[in-house]
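The structure under discussion appears below in the form of structure tokens.
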Amino acid sequence: MGNKWYGSNYEVIKAFVSDPFDERGGRNSQGNVYFNGDGILYSYGEHFPLAVALKKHEDFFLVNGDGATNTTNKHRWDLFTCLRNRLGAECYVVVPFSSLTQAMGKGISYYAARDARENLEVVDHKEDYWTTKQVWVTDKETGEKELKDVREHFLGGALLRIDDEYFLSGIDESGRDRRGMYFLTKLPRPASSVEDAYLAIKPEGLNGEAYVRQGEFFLVPQEGMKKPKDIPLVKKIRLENRGRDERQWRHVATEGFRLDGIQYVRGTVRHPEHKMVSLGNVWHRVYEATGAGPDGEIVSWSASGGFD
């Protein structure tokens, strides 16, 4: 049986949202957004699954948050509009499929989408949100600059379950991008909510103290602390990641030392993907987030090519 034909991309998307498992599927004459009745909506082909209907839920969708072309982004905006108008903002979550594909070990987004359709459960999630900001835009013809309103999309956090494993999808606000840096991390234990998931990766030994954070590192000020004279001072010291080779340690502080197996740093902390952190002259104790690896190391994935 061939696909049912519709007059526009939006009508195809609306048909998918209404019945993603309609065996007739749907497409229009351009064929650039379509579905085949398998619960997956595609943009320009199987290489980019745009959304998946999750069988473990009723009327709930997983939307691909990977960065894409302008036309695929337009398909996604139409999908957001349709979902919100027909089912409400609580009926979907956005996760970059490039990170999900890595976490599931599928290699190709199409196979990850099919597996997610059958096995992925959204335990809890926070709604996405949009902000409007003004930016200077140069007119290509006149060369004159003018202020224009631009809407920016921010992903909400989500707690996912695949079989017996739990994952937290979220935004690290310490990332260099103005919208932060996306991450998908495997949790060391089951969690019941997005808030509980963040508690699950909280560093061991951190009990309410004030801290400065950069990525997986929490830096707690030690007011009045002085470096013991018999302990060597290391310039451009790398913050140590559990379970990783030293060549993979990418957070670098101005100076620091080790005392009783604990790192202390001060000055600045830099990383190519994170905003610089300034600690001043106060020594800060280094804590690393708790991961799901055998030695407590972080097990996480980022989005290939950014996120939308």
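Checking every one of the chymotrypsin sites (Phe, Trp or Tyr not before Pro) in the range 145-230 against DSSP loop status and a limit of 16 other Cβ atoms within 10 Å picks out 211. Along its first, second and third principal axes, ordered by size, the range 108-155 spans 53, 26, 9 Å in Cα coordinates. Could you calculate the FRET efficiency of residue 90 with residue 229 from 1/(1 + (r/R0)^6), where r is the beta carbon distance between them and R0 is 51 Å, rounded to 0.05? The pair residue 90/residue 229 has a calculated efficiency of 0.30. Using the reciprocal of the averaged 1/r over all distinct C-alpha pairs, how large is the Kirkwood radius of the chain in Å? Across the chain, the inverse of the average 1/r is 21.6 Å. Beta bridges from DSSP with both residues in the chain: antiparallel share about 90 percent, rounded to the nearest 5. Pairing the Cα long axis of helix 109-119 with the longest principal axis of the chain, what angle in degrees results, from 0 to 90 and rounded to the nearest 10? Value to nearest ten degrees: 90. Tilt of helix 70-86 relative to the longest C-alpha principal axis of the chain, in degrees (0 to 90, nearest 10)? The angle comes out near 80 degrees. Taking each residue as 0.36 nm, the span from residue 176 to residue 24 lengthens on full extension beyond its C-alpha to C-alpha distance by 50.2 nm. Adding -39500 (n - 2.57) for every DSSP H run of four residues or longer, then dividing by how many residues the chain holds, sets the calculated 222 nm ellipticity at -5000 deg cm²/dmol. Each 10 Å bin from 0 upward holds the following percent of the Cα-Cα pairs of the range 212-288: 20, 59, 21, 1.
Bear in mind these aren't lab numbers, they're just calculated from the coordinates by the rules spelled out. In this text, all values refer to a predicted model and were calculated from it rather than measured experimentally. Heads up, the Cβs are rebuilt from the backbone with ideal geometry, glycines too, and the neighbour counts pull from every protein chain shown.
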